[in-house]
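Worksheet for the structure shown next.
Just so you know, all these numbers are worked out from the coordinates, no wet-lab data involved. Keep in mind the model is a prediction, meaning the values are calculated, not measured. Cβ placement follows ideal geometry from the backbone for every residue including glycine, while neighbour counts extend to all protein chains displayed.
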Amino acid sequence: MTKIRMRNYKMLQDFLNVESFLTENYQKEDHNGYFLPEFWEYAHTHPMFNPYKAHRMGIWEENNQIVGIAAYEMDVGDTFLFTKRGHEFLYEELLNYAENELTLSSKDNIQSDIWTTDKQIDVVKLLESKGYELIDEESITVYDYKQGFHETVLPEGFKIHSLEEKNDYDKIHECLWKGFNHGDHPDEDIDCRRLMQTGPHFRKDLSMVVVAPDGSYATFAGMWLNGKNHYAYLEPLATVPKYRKLGLGKAILMEAMKKTEEFGAKYCYGGMFEYYNNLGYQDAGKRRMYRKKWKK
């Protein structure tokens with residue numbers, strides 16, 4: 001029997017290998033436990049990502065091929081576990097590793113938060129058997145392209161452009177800062193917006209902005225394409241508060257999804273809010289967080 005070896009994640013060496021592993025082993029029925037390769041890449045280019053603890057992530061290999069991973073999204077505390085099909089027996093080992101390396105620690109307690117989906121029945125049973133409790137649940141929404149795309153009309157003076165056409169980092173920063181309700185006065189961290197366009201699969205032709213009549217960016221939609229598994233992934237979508245309820249988000253999203261369909265996508269992952277259901281996204285499952293605390 002081939003020996004499975006565990007080692008720590010080496011970010012500069014392993015990033016693309018992990019992304020390929022997540023792509024090659026994508027399972028639509030359980031959404032990879034919502035550990036999607038686009039999710040992985042977006043996190044690594046996000047300004048909140050903590051590279052200084054990335055070595056704490058764990059990789060399991062068989063014949064020098066990845067068969068399992070225990071990792072965080074932005075920082076230790078939110079853990080995702082995923083194995084190659086046929087290697088589900090590793091989940092308990094992954095969980096034990098996460099409890100040692102990927103937890104939050106306070107003066108008196110240790111806390112382990114594990115994300116999974118309601119479709120990963122065996123993982124849920126494992127977590128419950130180890131004393132974990134469900135503390136959060138979010139909808140996984142998917143737009144099936146078979147239903148077609150809504151016809152939209154932008155208000156007069158507004159126009160949609162891809163980032164190949166319009167890519168002003170200052171305007172993107174202002175749009176996302178205000179769109180995510182951080183306040184009216186953006187900081188000066190323009191490098192964070194440049195960083196977020198450096199991922200190997202970031203597509204300027206698929207990511208889009210709505211330009212307002214005054215030239216500012218009213219809405220931003222980041223769109224990713226998984227060509228192997230024929231789906232699109234939206235991250236992020238934001239509209240400046242004063243431009244909300246004008247149909248801009250709907251218009252830009254329909255345009256971006258149409259573009260991904262041209263490249264072979266058949267459906268698109270959206271956000272967890274009711275807004276997406278109103279646009280035609282359907283609930284495809286639940287993303288769940290399970291938590292356990294224990295004394296030091």
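Using all pairs of distinct alpha-carbon atoms, the Kirkwood hydrodynamic radius of region 1-143 works out to 15.6 angstrom. Measure nothing but the geometry: give the 0 to 90° angle between the long axis through the Cα atoms of 91-101 and the longest principal axis through the Cα atoms of the chain, rounded to 10°. It works out to around 80 degrees.
The dipole here belongs to region 151-278: it is taken about the Cα centre, uses +1 on the Cβ of Lys and Arg and -1 on the Cβ of Asp and Glu, and is about 400 debye. The fewest-to-most ranking of L90, L154 by surrounding Cβ atoms within 10 Å reads L154, L90.
Each residue of region 235-240 was assigned a 3J(HN,Hα) from its phi angle through the Karplus curve 6.51 cos²θ - 1.76 cosθ + 1.60 (θ = phi - 60°); the sequence is 5, x, 10, 8, 10, 4 Hz, with glycine and proline shown as x.
Computed over every Cα-Cα pair of the chain and binned at 5 Å starting from 0, the pair-distance distribution P(r) comes out as 1, 5, 11, 15, 16, 16, 14, 10, 7, 3, 1, 0, 0, 0 percent. Relative contact order, whole percent, for region 151-278 stands at 27, derived from Cα pairs under 8 Å and 6 or more residues apart. For region 200-211, putting each phi into the Karplus relation 6.51 cos²θ - 1.76 cosθ + 1.60 with θ = phi - 60° gives couplings of x, 10, 5, 10, 5, 6, 9, 7, 9, 10, 9, 8 Hz, in residue order, rounded to whole numbers and with x for Gly and Pro.
When each pair of different Cα atoms in region 50-108 is counted once in the 1/r mean, what is the Kirkwood radius in angstroms, to one decimal? When all Cα pairs of region 50-108 are included, the Kirkwood radius is 12.0 Å. The charge dipole of region 107-185, taken about its Cα centre with unit charges on the Cβ of Lys, Arg, Asp and Glu (plus for the first two, minus for the last two), comes to roughly 120 debye. Relative to the longest principal axis of the Cα atoms of the chain, the long axis of helix 169-179 makes an angle of roughly 80 degrees.
Dividing the convex hull volume of the alpha carbon atoms of region 128-281 by its residue count gives 161 Å³ per residue. Let a ≥ b ≥ c be the square roots of the eigenvalues of the Cα gyration tensor of region 1-69; is it rounded (a/c under 1.5), or, if not, prolate (a/b larger than b/c) or oblate? Judged from the Cα gyration tensor, region 1-69 comes out oblate (a/c at least 1.5, b/c at or above a/b).
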